[in-house]
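Working notes for the structure below.
Here, each number is a calculation from the coordinates, and none is a lab measurement. Fair warning: this is a prediction, and the values are worked out from it, not measured in the lab. Neighbour counts run over all protein chains shown; Cβ positions are idealised from the backbone, glycine included.
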Amino acid sequence: MMRAANTERTRFPFRAYPDGWFAVAKLAELPVRRTLFGRPTLIRWHGQRIEATDLPHLEVRDGLIFAWHHASGEPPSFRIPPVDNTRWSKPVIDTLEVSSHPQEVLENTVDTQHFIKVHGYRDFESLQPAYTEGPHFHASYRFTRALLDHPASPRVPIEIEIQASGLGYSRVEVTVVPVGLRARLEVMVTPLLDERCTLRSATRVQSPALPGPWSSLQWPVDRLFDGVAHLAALGGRADVRDDLRLWQHKIYATRPVLIRDDGPIGSYRRWARQFMREAA
Amino acid sequence: MYRYPFTPYPNGWYRVAYAHELSIGEVKPIEALGRDLVAFRGEDGRVRVLDAHCPHLGAHLGYGGNVVGNDIACPFHDWRFNGEGECVDIPYCSGRVPKRARVDAWTVCERNGVVFIWWDHQGRQPSFEIPVVAEVDDPKWTKPLEFTWRTRVHIQEVAENALDLAHFGKVHHYLDFPELRSFTTEDHVLQVGLSAGRRVMGVTGRSTMDITYHGLGVVHAQVAGPGIELAVILTTTPVDQEHCDIHIAVMNRKSRIPLKDFALRRYMRWEIGTDFAHDIPIWEHKQYRTRPLLAKGDGPIMKVRKWAEQFYEEAATRDEAATDKTHLPLVG
């Protein structure tokens, strides 16, 4: 499609490949050739180890390979905190390619007011002011949202807790307050060529631990909650669909007019700069 | 690569939409003059045109934006903008709306069933008006038949084309060279009368064309031939540095035989479509000659360039899009 002349520059005024940990491949895909951080890369088994050209620091989480990228080749300065998924359902994995940048994708989750207009959430409340801890960013809110992706669906209050570790990984925990159902989304964004990204998400729900006399039912209950995870993933997909409609046509506002009620976008952008410092 | 020694955006009125494409409450994204724009019609029936990207976080108001009263609401965070481009309401804002929250608004004119915007390099008010075409909404005339092309051409080439008498024979297969009956220029208006031999629906005869330019973007024409009378509105809008959108709306005087109108419209759909298609490959690959080698019989091409210079005046001062180009005069 043709782009108007005033937007015919690089969309994003910062580095295409930020520093940090990024999901680069599934363990099951190996060996795989892929263009990563602007270079052709081969990821393969080397004896018992996984090896990738030019990427010495790799980590495997839940069958996904994460690679550390740094513009001046420095070793990892942080780790993605481990997550205990023992009482949680099997993950529902979604992968898609979007025209965006990790900074823009993650900014969306801290842009509290867009949940209202774009996703139809209501009754926003900040549970705790956003705060940063080095490479980690935390924020939590409360909204009400439709339980299912249908206009007649009942609305429920939900609490959202976000923890991002770099621009490539964030964990979003959603609690449906009245029933105490908890869902966990791990969102992985990996920059590709031409200002495109892979967006991967793993959705799980927490399965209740049954007390002693009922423990024989634990297995069927867990499988039931595997099914609930699929329902939770549907909600996530509806939200992504709404976002994509907007991302197709928006530009990245370098000097946005922000107001106090906009949520932590300003502090998020300041925090994100640490991953995109120009190499000396 | 940019092929022309002058700005892609001369001053003037440019079509952005037909009026019927914007009913009340409707929003339309527009690409014109190297910018992303949005047009919408408020509840009072007036069309407004604004720069498309919200000053807040950059969303395009034309994709998913909705009309609230006479304002447009951004699809991203629901910021409301009025026709002057000012943000008048932020639903979740507990304080005052910041003054910086505004987009550029365009001067709009809705006439003859077309919505136009005014472009001036120095941001001055319109220096002329587009006259009413009497045939529009006249019950004796048909509703317009519309044609659209997006081509890689400069608006100057489109304007020169109708005065380039010699190309009608080679490119459009006219029976002879059109005869120049009249040619006048006055301020922003250029009028030219042509008569030419053509074969129309199997009938050979002479037809006359009276063509009036109102700047480079708006052309009105009357065509009269054997058993046929047409009123034409041709509008050209530069989309970006390389491309123009060309729109033609053709009305014909209703005949007393309904079947004849039907046949004529069918014929025009084919004829205008193919006739125009002959110009396009030439435009897309040609060079613009600042000092063309002209022969007798070429038509008043240099007079057109002289007249058109007024729309390029001081173009270099504000148009950053063309700052790297040398600004040669149209007439070498």
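In a shell of Cβ-Cβ distance under 12 Å around B:Gly225, excluding B:Gly225 itself, what net charge do Lys and Arg (+1) and Asp and Glu (-1) give?
Details: positive: B:Arg198, B:Arg199, B:Arg206, B:Arg253; negative: B:Glu229, B:Glu271.
Taking every Cβ under 12 Å from that of B:Gly225, the sum is +2.
Working from the alpha-carbon coordinates of the protein assembly as shown, get Rg over Rh, Rh being the Kirkwood radius. Kindly include the intermediate steps, with their values, before the conclusion.
Numbers: Rg = 30.7 Å, Rh = 28.5 Å.
Answer for the protein assembly as shown: 1.08.
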Reachable lysines from A:Lys117, Cα under 16 Å, same-chain residues fewer than 8 places away excluded? A:Lys250
Short to long, in 5 Å steps from zero, the percent of alpha-carbon pairs of the stretch B:1-159 per bin is 2, 8, 16, 19, 18, 15, 11, 7, 3, 2, 0, 0
Below 26 Å, Cα to Cα, which lysines can B:Lys306 reach? Residues fewer than 8 away in the same chain don't count. B:Lys170, B:Lys286, B:Lys296, B:Lys325
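Can you run the Rg to Rh ratio on the stretch A:174-280? Use alpha carbon positions and the Kirkwood inverse-distance Rh. Don't skip to the answer; put the middle values down first.
On the way: Rg = 19.8 Å, Rh = 17.9 Å.
When Rh is taken as the Kirkwood radius, the ratio is 1.11.
Let me check I've understood the local charge: for A:Trp45, count other residues with C-beta under 13 angstrom from its C-beta, Lys and Arg +1, Asp and Glu -1. What total comes out?
Values: positive: A:Arg44, A:Arg49; negative: A:Glu29, A:Glu51.
In short, 0.
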May I ask for the Rg/Rh ratio of chain B, computed from Cα atoms with Rh as the Kirkwood radius, given to two decimals? 1.00
Can you pull out the chymotrypsin sites (Phe, Trp or Tyr not before Pro) in the stretch A:32-103 whose DSSP state is coil and whose Cβ has at most 15 other Cβ atoms within 10 Å? A:Phe78
After finding the eigenvalues of the alpha carbon gyration tensor for chain A, what semi-axes result from the square roots of 5 times each, listed largest first in whole Å? 31, 26, 17
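To the nearest 20 Debye, how big is the dipole of the stretch A:147-218 about its Cα centre, given +1 on the beta carbon of each Lys and Arg and -1 on that of each Asp and Glu?
Values: 7 positive and 7 negative charges, 40 e Å.
In debye, rounded to 20, the stretch A:147-218 gives about 200.
Per DSSP helix of 4 or more residues, -39500 (n - 2.57); summed, then divided by the residues of the protein assembly as shown. What does that give at 222 nm, rounded to the nearest 500?
Calculated mean residue ellipticity at 222 nm is -5000 deg cm²/dmol.
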Name the residue from B:Tyr213, B:Tyr267, B:Gly297 whose Cα lies farthest towards the positive end of the charge dipole of the stretch B:178-319, charges +1 on Cβ of Lys and Arg and -1 on Cβ of Asp and Glu. B:Tyr267
Which of the lysines could be linked to B:Lys260 by a straight reach, that is with a Cα gap under 24 Å, when you skip same-chain ones fewer than 8 residues away? B:Lys140, B:Lys143
Per principal axis, largest first, the Cα atoms of the stretch B:210-315 extend in Å by 52, 28, 27
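Taking the stretch B:35-69, which trypsin sites (Lys or Arg not before Pro) meet the DSSP loop condition and have no more than 15 other C-beta atoms within 10 Å? Walk me through the numbers before you get to the answer.
Details: sites: B:Arg35, B:Arg41, B:Arg46, B:Arg48; in loops: B:Arg46.
Passing both the DSSP loop test and the Cβ count: B:Arg46.
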Which loop-located chymotrypsin sites (Phe, Trp or Tyr not before Pro) does the stretch B:104-147 contain, where loop means any DSSP state but H, G, I, E or B and the Cβ has at most 16 other Cβ atoms within 10 Å? B:Phe128
